[in-house]
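Enquirer: Below: one structure in structure tokens.
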Amino acid sequence: MDAAEFRKRGKEMVDYVADYLEKIEKRQVFPDVEPGYLRPLIADCAPQDPESFEDVFKDIEKIIMPGVTHWHSPYFFAYFPAASSFPALLADILCGGIGCVGFSWAASPACTELETVMLDWLGKMVNLPEEFLAGKDGQGGGVIQGSASEATLMSLLAARTKTIGRVQSEKPELTEAEIMGRLVAYASDQAHSSVERAALIGAVKIKNVPSDDTFSVCGSALKKVLDEDKAAGLIPFFFCATLGTTPCCSFDKLLELGPICNKENIWMHVDAAYAGSAFICPEFRHLLNGVEFADSFNFNPHKWLLVNFDCSAMWVKKRSDLIGAFKLEPLYLQHHHQESGSSLWLQHWQIPLGRRFRSLKLWFVLRMYGVTGLQEHIRKHVRLSHQFEHLVLQDERFEICAEVVLGLVCFRLKGSNELNEALLKSINDAKKIHLVPCHLREKFVLRFAICSRTVESTHIKFAWQHISQLATDLLKTWEQNHHQQ
């Protein structure tokens, strides 16, 4: 394919993607395929001779689309949103076209510098304390990670290195291996599984701190666990606080937890993967109060800020803590501008060496929507979640299981877990809308997340009528079976 054909085919592909997104609600939200559906549809091995673009293109609808879950459909209410917008898609084309591997400042100066500035823009939008910004000569700064899982792992590994250094200076008789064996990390029993995974990779113990009846961790719960562990000779070193948990969007109490972590020399990382985007709205910013006590903070613009995957924003108060844990510099990566600011050496801030030019997406979206456009997007989703909550509350057969703060509603039929499992199965079997469940304590709960950029009030009404009708049908058969028994 030469440049002339690329122009032609590129326009066709843009038209195809625009049509796909414009007409997405006509497609069934969840595919009708079984595992292994794809292998029989394609050849056993790669073609010996080149095929034409037409051949490849016609196979998109034939082979790929039948197995796609349409995350951007207005009938998709599962997981949390996956952001997407036309400005971000255009920026991704440019990112792919430039095709740099930005592991260092010298490898592509714009790639590094735009990222540093964009994370300052974003930090100011959520009103982060000054220490988290790079600015001209700040100690902190931000970096784009692939996912919140990576941000948690980076912060845990940095905390581990920092703590080992501190303990060795206080107790030189202890070996690194002895210290490692006594380190403990902590997170809420509602925290994402990626926190446990980070501890697994970091080869340290992790303990769950019990959450309260609002599914939040408070100061007294953390203090109790810390006191027990210190008495047993363990070394608490890391706590991951969650703002907007995956099961029900609950918020750990940072204002209580932060001072404890600071006093005990524990690194506090704040994971706000989904909820963080909402903090650009002044009415939700109070949910971030207490971040001033944190060492690192992360949220995903690729969830709720119209920047498509992958773009996970992470800030640290002292970048030297992060860089200190990961800095290795072979000669082939060194450069004469090396000493001009450690904020420009982002390869030391992440797991991979290479990085894509992801900040272009952020730059396009922030400029073309503006803060007000992004705030309106968030507020619309929150309004729609309250609309759904209101519909649920009007039906006495159902209950709401957690406070609705942002764009997630946790609800269920009053009754057994089996009944709710059957309801979810009938919803997802019908494939008109898509939901996923969670467990809150011993209850099986349905999660209804407002996801699509194009979702409107009509889609919410449709979803509720559909759920309500399926519940009516289910309760009839349930009662008949119950009587027969």
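Enquirer: For Y186, which sequence-distant residues (separation of 5 or more, or a different chain) have an amide H within less than 5 Å of its own amide H, given hydrogens modelled in the peptide plane?
Expert: Excluding prolines and chain starts, which carry no amide H, the hits are K207, F238, F239, C240.
Enquirer: Here is a follow-up. Starting from the Cα of K303, draw a straight line to each of the lysines and keep only those under 20 Å, dropping any in the same chain fewer than 8 residues away.
Expert: Counting by Cα, and skipping residues close in sequence, K303 has these lysines nearby: K124, K361, K380.
Enquirer: Evaluate E = 1/(1 + (r/R0)^6) for R39 and E403, where r is the Cβ-Cβ distance and R0 equals 41 Å; express this FRET efficiency to the nearest 0.05. Write down the numbers at each step before the final one.
Expert: Working: r = 46 Å, r/R0 = 1.11.
Computed FRET efficiency for R39 and E403 comes out at 0.35.
Enquirer: Using the Kirkwood formula on the Cα atoms of the range 372-480, what hydrodynamic radius do you get, in angstrom to one decimal?
Expert: Details: mean 1/r = 0.0695 Å⁻¹.
Computed over the range 372-480, the radius equals 14.4 Å.
Enquirer: Still on this model: How much accessible area per residue does the chain have, counting only protein heavy atoms and a probe of 1.4 Å, in square angstrom?
Expert: Working: 22690 Å² over 485 residues.
With the other protein chains kept in place, the chain gives 47 Å² per residue.
Enquirer: Among (1) 24.6; (2) 23.3; (3) 22.2, find the value of Kirkwood radius over Cα pairs in Å that was calculated from the structure presented, and write down its label.
Expert: So the structure-derived entry is (1).
Enquirer: How far apart, in nm, are two points set 7 Å out from the Cα along the Cα-to-Cβ line at V14 and at T175?
Expert: Calculated label separation equals 6.3 nm.
Enquirer: If you average the C-alpha positions of the range 68-112 and of the range 184-238 separately, how far apart do those two centres end up, in angstrom?
Expert: Taking the Cα centre of each part, the range 68-112 and the range 184-238 sit 33 Å apart.
Enquirer: From the backbone phi of the range 166-176, what are the Karplus-calculated ³J(HN,Hα) couplings (6.51 cos²θ - 1.76 cosθ + 1.60, θ = phi - 60°) in whole Hz, Gly and Pro given as x?
Expert: Whole-Hz 3J(HN,Hα) from phi for the range 166-176: 5, 5, 5, 6, 7, 10, x, 6, 7, 7, 4.
Enquirer: Could you state how much accessible area W304 has, in square angstrom rounded to the nearest 10, with a 1.4 Å probe and all protein chains kept in place?
Expert: Accessible area of W304: about 0 Å².
Enquirer: Please list, in chain and number order, the residues 5+ apart from G141 or on another chain whose amide H is under 5 Å from its amide H, with Hs placed from the backbone.
Expert: Here the answer is L133, A134, V316, since their amide H atoms fall under 5 Å of that of G141.
Enquirer: Also, quick follow-up: Report the antiparallel proportion of the DSSP beta bridges in the chain as a percent, rounded to a multiple of 5. Don't skip to the end; give the middle numbers.
Expert: Details: 22 of 41 bridges.
The answer is about 55 percent antiparallel.
Enquirer: Enumerate the whole-percent occupancy of each 10 Å bin, from 0 to the last occupied one, for all C-alpha pair distances of the range 149-244.
Expert: Cα pair-distance distribution for the range 149-244, in percent: 16, 47, 31, 6, 0.
Enquirer: Further, regarding this structure: Quick one: 3J(HN,Hα) in Hz for the range 305-320, Karplus 6.51/-1.76/1.60 with θ = phi - 60°, rounded, Gly and Pro as x.
Expert: Along the range 305-320, the couplings run 10, 6, 9, 6, 4, 10, 7, 10, 8, 10, 10, 10, 6, 10, 5, 4 Hz.
Enquirer: Using amide H atoms built in the peptide plane, which far-off residues or other-chain residues are under 5 Å from L440 H to H?
Expert: V445
Enquirer: Which distance in nm do the two modelled labels at E54 and K23 give, with both placed 7 Å along the Cα-to-Cβ direction?
Expert: Each label point is offset 7 Å from its Cα along the Cβ direction, giving 2.0 nm.
Enquirer: Mind checking which lysines have their Cα closer than 18 Å to the Cα of K8? Skip sequence neighbours fewer than 8 apart in that chain.
Expert: K58
Enquirer: Could you order peptides 382-393, 271-282 by the average number of other Cβ atoms within 10 Å of their residues, highest first? Walk me through the numbers before you get to the answer.
Expert: Details: 382-393: 17.8, 271-282: 24.7.
For the peptides 382-393, 271-282, the packing ranking is 271-282, 382-393.
Enquirer: Let me ask something else. Per DSSP H run of at least 4 residues, take -39500 (n - 2.57); add these up for the chain, divide by its residues and hand me the 222 nm value, nearest 500 deg cm²/dmol. Display every interim value, and only then the final one.
Expert: Working: 14 runs with 208 residues, N = 485.
Only helices count here, giving -14000 deg cm²/dmol.
Enquirer: Pop out the ³J(HN,Hα) list for the range 126-136 in order, Karplus 6.51 cos²θ - 1.76 cosθ + 1.60 with θ = phi - 60°, rounded to Hz; leave Gly and Pro as x.
Expert: The phi angles translate into 9, 6, 5, x, 3, 4, 7, 9, 6, x, 7 Hz.
Enquirer: For a test of the definition: using alpha carbon positions, the gyration tensor, and the 1.5 limit on a/c, classify the range 432-485 as rounded, prolate or oblate.
Expert: Numbers: a/c = 4.19, a/b = 1.61, b/c = 2.61.
It is oblate, given that a/c is not under 1.5 and a/b is not larger than b/c.
Enquirer: Counting other Cβ atoms within 10 Å, which trypsin sites (Lys or Arg not before Pro) in the range 243-291 have at most 15 and lie in a DSSP loop? Please list the in-between numbers first.
Expert: Numbers: sites: K253, K263, R285; in loops: K253.
Answer in residue order: no site qualifies.
Enquirer: If you don't mind, there's one more thing I want to ask. Below 18 Å, Cα to Cα, which aspartates and glutamates can K414 reach? Residues fewer than 8 away in the same chain don't count.
Expert: The reachable aspartates and glutamates, counting only those whose Cα sits under 18 Å from K414, are E389, D395, E396, E399, E403, E442, D473, E479.
Enquirer: Put K207, K136 in order of accessible area, largest first, 1.4 Å probe: what do you get?
Expert: On the way: K207 70, K136 205 Å².
Solvent-accessible surface, decreasing: K136, K207.
The values are calculated or read from the model by the stated rules, or taken from the named source; none is laboratory data. All values reported here derive from a predicted model rather than from experimental measurement. Reconstructed Cβ throughout: ideal geometry from the backbone, glycine too, with neighbour counts over all protein chains shown. The accessibility values were calculated without ligands, DNA or RNA, using every heavy atom of the protein model including side chains. Shrake-Rupley method; radii C 1.70, N 1.55, O 1.52, S 1.80 Å.
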